[in-house]
Amino acid sequence: MTSAGRFAPSPSGELHVGNLRTAILAWLFAKSSSRSFLLRVEDLDRARSGAEAEQLRDLQAVGVNWDAAVVRQTERAALYDDAIARLTAEGRTYECFCTRREIQEAPSAPHAPQGAYPGTCLRLSHAEREIRRASRPASIRLRSDTAEWAVEDQLHGTFVGMVDDFVLRRNDGVTAYNLAVVVDDAAQGIDQVVRGDDLLPSTPRQAYLATLLGLPAPEYAHVPLVVNHAGARLAKRDGAVTLGDLAAVGIPAQRVRDLILESLGLPAGTLRDALSEFDPKKLPKTPWVWKNPQA
Ligand SMILES: [Zn+2]
């Protein structure tokens, strides 16, 4: 089995500076630990036509290259089906018919953390389930036997987070992110996950699920996001934040790459050159505030 890191964008639109910075960090983490680097397109949901090609082009423009063919989640349904079938065979799944509103309005179980699924459908009788099947397609939930799980993160140390009966397959048939990401990382030999720290809260669910599936949990590094002047996560509405927009105002991709490297305390230049200076322990722990550069 290979040892690999990865970047896994959703092709919902153009990558912005924050996405590119996370991709560069993932590349640096992988290459500095003698791993190969893989690219996975997470296109199960919200995919926009043409976005994948734009994203791959922009990654290469800032120096992020990958070592094997790009993998797309829409081509991997059999792997997800197999994982859900294995969990189901072990009695670890159940059908859920709740609407979002029913979940919000349900009384939460005693001592359950905020936002946890209240377990409504776990207690349905066979007859009740038959009635509800006739009116609404079911989502598939994990029957979890823990309320929390701990993960080790290179930047955050030990992180303990909620594990509830989370969704494995949505009621529109789409595989849930938490399942797909666990199955894919293991199948691709990915043993290092570097991504934005907005995903840290869902990581215990994924590590727990990996354990249930008998898969090794990767090592994690959740890196700070890029924010706008108001401290909110960078978004398209924050001005020129994509390579296309920045090129239009006279800022080439190499300059964007250099700004990102400097924000990480690394010398401007190629990613290969930055590699010798890269030390995860020296990374900034706070978000990077993006200011639109002058041409
Ligand atoms: Zn339910």
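A short reminder: the numbers here are calculations on the coordinates, not readings from a lab. Since we're looking at a predicted model, the values are computed, not measured. Because the Cβ atoms are built from the backbone with ideal geometry, glycine has one as well, and the counts that use them run over all protein chains shown.
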Percent relative contact order for region 136-295, counting Cα pairs under 8 Å at least six residues apart, stands at 20 percent
I'd like the projected area of region 1-126, averaged over all directions, using the convex hull of its alpha carbons. Report it in nm² with one decimal. 11.8 nm²
Angle check, please: helix 253-263 long axis (alpha carbons) against the longest principal axis of the chain (alpha carbons), in degrees 0 to 90, nearest 10. 80 degrees
Surface/4 of the Cα convex hull for region 137-254, nm²: 10.3 nm²
Dipole axis of the chain (+1 Lys, Arg; -1 Asp, Glu on Cβ), positive-most option in 270, 71, 50: 50
Of 202, 34, 125, which has the largest mean-square fluctuation in a 10 Å C-alpha GNM of the chain? 125
What's the whole-number percent of alpha carbon pairs in region 199-295 lying beyond 23 angstrom? 43 percent
Spherically averaged projected area in nm², based on the convex hull that wraps the Cα atoms of the chain: 16.7 nm²
Where in region 90-109 is the amide nitrogen less than 20 Å from a point lying 7 Å along the Cα-to-Cβ axis of residue 130? 94-98
Between helix 126-135 and the chain, what is the angle of the helix's C-alpha long axis to the longest principal axis, kept within 0 to 90° and rounded to the nearest 10? 60 degrees
Taking H placed 1.01 Å from N in the peptide plane, check which residues at least 5 places from residue 289 or on another chain put their amide H under 5 Å from its amide H. 227
Using Cβ counts within 10 Å as a stand-in for footprinting exposure, how do 103, 260, 84 rank, fewest first? 103, 84, 260
Going 7 Å from the Cα of residue 49 in the Cα-to-Cβ direction, what parts of region 1-25 have a backbone nitrogen less than 18 Å from that spot? 11-14
Taking every pair of alpha-carbon atoms in region 73-162, give the share separated by more than 22 Å as a whole percent. 45 percent
Which whole-number percent gives the relative contact order of the chain, counting Cα pairs below 8 Å spaced six or more residues apart? 21 percent
Taking only Cα atoms, what is the 0 to 90° angle, nearest 10, from helix 77-89's long axis to the longest principal axis of the chain? 40 degrees
Order 178-185, 162-169 from most to least packed using the mean count of other Cβ atoms within 10 Å. 178-185, 162-169
Whole-Hz couplings from phi, Karplus 6.51/-1.76/1.60, listed for region 286-292; x for Gly and Pro: 10, x, 8, 8, 7, 10, 4
